[in-house]
Amino acid sequence: MGGVPSGRVHNLINIAVFSVVAGGVLLASNQNIVTVVPTQALYFTLAYVAGTFLLSPDLDLAEGHVNSKRYWGVLGFLWAPYGMIFSHRGLSHTWILGPLTRLAYLGIMVGIVFGLLSLVFPGVRVPALPQSFSFAAIWPALLPLLLGYYLSQWLHLIADGVRPDHGMRHGMRKIRKRF
Ligand SMILES: [Zn+2]
């Protein structure tokens with residue numbers, strides 16, 4: 001199997017790895033080796049599923065037709081600017097920053113959509129963060145969310161043959177080209 005895996009192959013790989021991880025965790029918790037809080041397992045699963053199907057690195061192709069854009073249905077067009085901004089397998093396919101670019105983009109899009117909605121329907125408000133926002137309080141939810149999201153993203157990059165220092169080398173190449 002040569003070349004870059006298709007969206008379908010990426011999905012199959014991620015589903016297979018999830019089954020193995022879930023099976024392993026279930027076995028380990030049955031043997032009382034680990035304790036899994038159900039809500040944390042749920043957060044991990046949700047983030048992993050979102051990372052696999054809705055926030056795939058291949059959204060950098062969303063200016064055209066790509067598998068990961070189709071899962072957004074009628075909202076798929078919202079990712080077209082992301083595809084135009086990010087070159088295929090560039091920054092979008094780096095290990096740390098790449099996944100963050102899609103979260104930031106999603107945040108901006110949600111902000112724009114709420115902003116437009118509130119123009120049309122003045123009653124609509126962006127849900128506000130609770131007044132007493134503390135990192136310690138959200139960490140138990142944030143950790144499984146980050147783990148699930150990043151694991152789904154890294155499996156995509158591994159299947160693509162992208163190494164963890166890709167971003168640095170990519171950046172260096174750009175800098176070298178400039179001089
Ligand atoms: Zn890819």
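Could you please let me know if Ile138 is over 26 Å from Ser19 (Cβ atoms), modelled with pLDDT under 90 and assigned to a helix (DSSP H, G or I)? Spell out how you get there, then give the answer.
Numbers: over 26 Å from Ser19 (Cβ atoms): yes; modelled with pLDDT under 90: yes; assigned to a helix (DSSP H, G or I): yes.
It is true that Ile138 is over 26 Å from Ser19 (Cβ atoms), modelled with pLDDT under 90 and assigned to a helix (DSSP H, G or I).
Could you count how many residues in the range 69-97 are within 14 Å of the ligand (Cβ to nearest atom) and more than 18 Å from Val110 (Cα to Cα)? Steps first, answer last, please.
Of the range 69-97, the ones within 14 Å of the ligand (Cβ to nearest atom) are 69, 82-83, 86-95.
Pick out the ones that are also more than 18 Å from Val110 (Cα to Cα) and you get 86-95.
Residues flagged as within 14 Å of the ligand (Cβ to nearest atom) and more than 18 Å from Val110 (Cα to Cα) within the range 69-97 amount to 10.
Being within 15 Å of the ligand (Cβ to nearest atom) and under 14 Å from the mean Cα position of the chain (by Cα), is that true of even one residue in the range 39-47?
Narrowing the range 39-47 to residues within 15 Å of the ligand (Cβ to nearest atom): none.
Looking through the range 39-47, none of the residues is within 15 Å of the ligand (Cβ to nearest atom) and under 14 Å from the mean Cα position of the chain (by Cα).
I'd like the full set of residues that are closer than 25 Å to Pro164 by Cα, without any contact (Cβ under 8 Å) to a residue 40 or more places away in the chain and small (Gly, Ala, Ser), limited to the range 41-99.
Within the range 41-99, Ala62, Gly83, Ser87, Ser92 qualify.
Among the candidates Ala50, Ala104, Ala80, single out the residue that is in a helix (DSSP H, G or I), at pLDDT 90 or above, among the small types (Gly, Ala, Ser) and surrounded by 15 or more Cβ atoms within 10 Å (Cβ to Cβ). Please lay out each step first, then the result.
Details: Ala104 fails: surrounded by 15 or more Cβ atoms within 10 Å (Cβ to Cβ); Ala80 fails: surrounded by 15 or more Cβ atoms within 10 Å (Cβ to Cβ).
Selected residue: Ala50, the only one of Ala50, Ala104, Ala80 that is in a helix (DSSP H, G or I), at pLDDT 90 or above, among the small types (Gly, Ala, Ser) and surrounded by 15 or more Cβ atoms within 10 Å (Cβ to Cβ).
Look through the range 57-68, keep the residues that are acidic (Asp, Glu) and within 17 Å of Pro5 (Cα to Cα), and return whichever of them is nearest to the ligand (Cβ to nearest atom). Steps first, please.
To start, the set of residues in the range 57-68 that are acidic (Asp, Glu) comprises 58, 60, 63.
Now drop any that are not within 17 Å of Pro5 (Cα to Cα), which leaves 58, 60.
Working: Asp58: 4, Asp60: 8 Å.
Of everything passing the filter in the range 57-68, Asp58 is nearest to the ligand (Cβ to nearest atom).
Sort out which residues of the range 1-47 are surrounded by 13 or more Cβ atoms within 10 Å (Cβ to Cβ), of a type in the set (Ser, Thr, Tyr) and within 30 Å of Ala80 (Cβ to Cβ), and write them in order of number.
Scanning the range 1-47 gives Tyr43, Thr45.
May I ask you to verify whether Ser87 is in a loop (DSSP other than H, G, I, E, B) and surrounded by fewer than 15 Cβ atoms within 10 Å (Cβ to Cβ)?
Details: in a loop (DSSP other than H, G, I, E, B): yes; surrounded by fewer than 15 Cβ atoms within 10 Å (Cβ to Cβ): yes.
The answer is yes for Ser87.
The values are calculated or read from the model by the stated rules, or taken from the named source; none is laboratory data. Remember, predicted model here, so these are calculated numbers, not experimental data. Glycine gets a Cβ as well: all are built from the backbone with ideal geometry, and neighbour counts include every protein chain shown.
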